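See structure below.
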Amino acid sequence: MRRRDASTASARNGVAVALRAALCATLVVALAPAAVSQGAKPFAMPVTVSIDETRPGTAVRQEFLGLSFELSSLAQIASYGEGGDLVTLLRSLGRGVLRFGGVSADTRVAWTDAATPRPAWASSVIEASELRQLGTLAARSGWHVLLTIGLGHFEPEAAAREAAAAKAALGPWLEGIELGNEPNAYALHGLRSEPWTFVQYDEQVAAYRSAIETAAPGIALAGPDVSGSSAFDSWGVGEVVDQTPALLTGHHYPLGCEQTPAPTIARLLSPQIRRLEVSSLERYMSVANASELPFRLDETNTVSCGGLEGISDTFASALWATGYETENMSLGVSGINLQGNPANCGGYTPVCAPTAQALAAGALQAQPEWYALLLAKALIGDRPLPSSTSSPGKPNLEVTALRAGDGALQFVIVDDDPLGARGVAVRLRVGRGFQGASILSLTAPSPEALSGVELGGRTVTSAGSWSEPPRLPHAANRDGVITVQIAPSSAALLTVSEVAG
């Protein structure tokens, strides 16, 4: 490990001060709390949506969509490059990023090769042959890989051999490496003793990077992969100043597995959680924007610790994911990886295998969150548009507006209210230069439903897309306004094309 001298510390402090000054200058939009509706109402309330086409945001990146898995499942996932449904599932979403990390990266999985015997603490290992299988999966699916190399056990030479093997096996499909998973929380989990701050982490990362650069030069660094945005003002800024990563990364879970009161669907879909989510994303993006680096939310889902049955495996998770993905798009996040476990259909996961036999064969099935990913695919390349919504008495409605490359407008509407609440008539003020809207609806029998999820009135097959062509009802443009009825506990994507000529 190295010791920072006074001149280096002074330089870092100067840059950090400048960055923090830039952060303070960043405009933060305050979300005014709205009154919560008490009880169901028989009639839909009109909500008017206006857009500003003069200030489009950053285009949604081609690899915005992603999945995240525990590093301990890498061998199983990699084997699907030669068989099973995962390749076709991934292809159905276009391009994306597979991230391997999680707590197992630091606590259970070790690299092994001829020069690196399996350590006593490791319950599983990764070998070069499995990385080559992962390379096959990446090449066949067209998805890149973000790989976490464990930092919990300080072994820079072994890390360098692992990075070199990953570079050789994955080639152009290696998006980058992360060093450690949620390193800001190491002391809390007994992986480091106090004091454990960014300073100590930075010294250890520098030792890893030096060894890796010698063994496999040119691998992009992503980090610091913190457990939440509250640490990003120190860890994110420090990463930018000292490590100059190619990509900033962090995690977010709206609900904690050990929270009091306990997680519920109502809390997951509440306006309060949504406000906290936006605030968290704004903290992440303040550092990213000030440093002019992309930020990827590379691990997220509904409830931490693997999810919670009755919440994470229900249609409510699809409603949450649809709203959260579009929040990320609107704020300029470069990508989002939904964490999953293919062996646990009762927790959070976009895809899973219902039996051990199906898992071995790669016979995966789409969970409710997959439908949110398929809906979001239609927004890739779009530019978010500022919008304003008049929604008195309807605080649990999300509307995101985007402009497609062909000039079409796209609106994602999510009504997170429970069944029995009032529906809403959404009036989209688009002007006379647009046609009517085609409507792709995301529905299920209830937020608690484990099955019966439909996108465009259709289910999804093992190939990842629709069982039949989706149904796309039409809403007319009348004097520049398109009105659609949105039921509670549902979402919709409206596509509005320009008038020809």
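The values are calculated or read from the model by the stated rules, or taken from the named source; none is laboratory data. Note that the coordinates shown come from a computational prediction; the quantities given were computed from them, not determined experimentally. Note that each Cβ is placed from the backbone with ideal geometry, even for glycine, and that neighbours are counted across all protein chains shown.
Here is a check on your reading of the model: is residue 366 aliphatic (A, V, I, L, M) and in contact with a helix residue (DSSP H, G or I) (Cβ under 6 Å, 6 or more places away or on another chain)?
In short, no.
Please state which of the following conditions residue 451 fails to meet, knowing it meets all the rest: (1) of a type in the set (S, T, N, Q); (2) in contact (Cβ under 8 Å) with a residue 12 or more places away in the chain; (3) part of a loop (DSSP other than H, G, I, E, B).
(2)
So is residue 322 part of a strand (DSSP E or B) and either of a type in the set (S, T, N, Q) or under 30 Å from residue 453 (Cα atoms) (or both) or not? Please lay out each step first, then the result.
Working: part of a strand (DSSP E or B): no; either of a type in the set (S, T, N, Q) or under 30 Å from residue 453 (Cα atoms) (or both): yes.
The answer is no for residue 322.
Counting residues that are at pLDDT 95 or above and surrounded by fewer than 18 Cβ atoms within 10 Å (Cβ to Cβ), which strands (runs of 3 or more DSSP E) fully inside the range 1-106 reach at least 1?
Ranges flagged: 45-51.
Tell me yes or no: at least one residue of the range 420-434 is hydrophobic (A, V, I, L, M, F, W, C), surrounded by 22 or more Cβ atoms within 10 Å (Cβ to Cβ) and touching a helix residue (DSSP H, G or I) at 6+ places or on another chain (Cβ under 6 Å).
Initially, the range 420-434 is screened for residues hydrophobic (A, V, I, L, M, F, W, C), giving 421, 424-426, 428, 430, 434.
This time we only want the ones that are surrounded by 22 or more Cβ atoms within 10 Å (Cβ to Cβ), so: 424, 426, 428, 430.
Checking the rest, the ones that are also touching a helix residue (DSSP H, G or I) at 6+ places or on another chain (Cβ under 6 Å) come to none.
Checked the range 420-434: no residue is hydrophobic (A, V, I, L, M, F, W, C), surrounded by 22 or more Cβ atoms within 10 Å (Cβ to Cβ) and touching a helix residue (DSSP H, G or I) at 6+ places or on another chain (Cβ under 6 Å).
Give the range 286-319 a look and list any residue that's in contact (Cβ under 8 Å) with a residue 60 or more places away in the chain, in a helix (DSSP H, G or I) and surrounded by 24 or more Cβ atoms within 10 Å (Cβ to Cβ), or say none.
Scanning the range 286-319 gives 286, 287, 315, 316, 318, 319.
Take the range 384-397 and flag every residue that is modelled with pLDDT of 95 or more and out of contact with any Ser or Thr (no Cβ under 7 Å at 6 or more places or on another chain).
385, 386
Report, by residue number, each residue of the range 136-150 that is part of a helix (DSSP H, G or I) and more than 24 Å from residue 106 (Cβ to Cβ).
136, 139, 140, 141
Within the range 108-127, how many residues turn out to be surrounded by fewer than 18 Cβ atoms within 10 Å (Cβ to Cβ), within 21 Å of residue 83 (Cβ to Cβ) and touching a residue at least 40 places away in the same chain (Cβ under 8 Å)?
So the count comes out to 0.
How many residues, within the range 121-136, are among the hydrophobic types (A, V, I, L, M, F, W, C) and over 19 Å from residue 164 (Cα atoms)?
Qualifying residue count for the region: 2.
Checking residue 492 against (1) among the small types (Gly, Ala, Ser); (2) in a strand (DSSP E or B); (3) more than 21 Å from residue 379 (Cβ to Cβ): exactly one of these is not met. Which one?
(3)
When the range 322-368 is examined, which residues are found to be within 10 Å of the chain's Cα centre (by Cα) and among the hydroxyl-bearing types (Ser, Thr, Tyr)?
324, 334
Yes or no: residue 314 in contact with an Asp or Glu (Cβ under 7 Å, 6 or more places away or on another chain), over 19 Å from residue 69 (Cβ atoms), polar (S, T, N, Q) and not assigned by TED's automatic domain parsing to the domain that holds residue 491?
So residue 314 passes the test.
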